[in-house]
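Heads up, the thing below is written out as structure tokens.
The values are calculated or read from the model by the stated rules, or taken from the named source; none is laboratory data. The structure presented is a predicted model; accordingly, all values stated were derived computationally and were not measured. The protein model used for the area step is the full one, side chains on, heavy atoms only, and it has no ligands, DNA or RNA in it. Shrake-Rupley method; radii C 1.70, N 1.55, O 1.52, S 1.80 Å.
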Amino acid sequence: MADTEVQVFDSEEELAVSLAKCTADLSDKFCKERDAFTVVVSGGSLIKSLRVVPKDHPDSNYLLAYDAFLSKIPIPAGHVYAINDALSAEGAADDYETCLKHLIKSNIVDISKESGFPKFDVMLLGMGPDGHVASLFPGHPLVHEKEKWVTFINDSPKPPSDRITFTFPVINSSANIALVAAGAGKADVAHKSLGDSKSSDLLPVQMVSPEGELIWFLDKAAASKLRG
């Protein structure tokens, strides 16, 4: 079970600053330890959804990531691994898994000794108001995928229908996960996940359990139904 920490901020702006500092601190730590740092910027409210659209499309994770991070820090373009937007969802998922295997062979990405799946230094995950993370939705069969590293979805309950996602074995092999939820629309799910709400049906967000530390980044609105 992951060590879990919950941080609550007065505003989304303060949340964003703290998230950036946390990521920078982890970068320093891992670069000193092994001269590399691997970070995944995933879907949900953190940076839209991982969508199969051209890189210059307003819904593109690559474009949003560039605007938010890459335009402000000196990461070489060749060190950013985006989805191949020229392929179908299925083809792009296979291509990305092949790319990931190459990064492992090159000793850029680690393999978890516990799970045997890729182990990223940190994943930045958003959370949907329905409790989905990445493109893993409540009640969808992909939530229970145990073998694949990267997979695709053609019947997403939230537009667009075609998406690509890491699976839970990869997500939960991460050394650290930062889980971001902001806004009153996330309050019920935050309460179910972190509060005293009891349910036998786990939401995808409740299945997030990295090998290292899980840090929740909440604004006051998202944390409004938590006690204390």
**Report entry** Antiparallel DSSP beta bridges within segment 106-190, as percent of all bridges there, nearest 5
**Finding:** 65
**Report entry** Entries in Lys101/Lys192; Lys113/Lys192; Lys158/Lys192; Lys29/Lys220; Lys32/Lys192; Lys105/Lys146 that, when Cα-Cα distance is taken, lie over 26 Å
**Finding:** Lys101/Lys192; Lys113/Lys192; Lys29/Lys220; Lys32/Lys192
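Grab the Cα-Cα distance for Val17 and Arg227, subtract it from 0.36 nm times how many residues apart they are, and report the gain in nm with one decimal.
Details: separation 210, 0.36 × 210 = 75.60 nm, distance 2.46 nm.
Once the chain is fully extended between Val17 and Arg227, it gains 73.1 nm.
At a 1.4 Å probe radius, which order do Arg227, Arg34, Arg163 fall into by accessible area, largest first? List each step's numbers first, then the result.
Working: Arg227 205, Arg34 65, Arg163 0 Å².
Per-residue accessible area, sorted high to low, gives Arg227, Arg34, Arg163.
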Requested in this report: In whole Hz, with x marking every Gly and Pro, tabulate ³J(HN,Hα) for segment 18-27 from phi via Karplus 6.51 cos²θ - 1.76 cosθ + 1.60, θ = phi - 60°.
Outcome: 5, 4, 5, 5, 4, 5, 5, 5, 5, 4
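Residues of segment 87-173: accessible area per residue at 1.4 Å, in Å²? Please report the intermediate quantities before stating the final value.
On the way: 3850 Å² over 87 residues.
With the other protein chains kept in place, segment 87-173 gives 44 Å² per residue.
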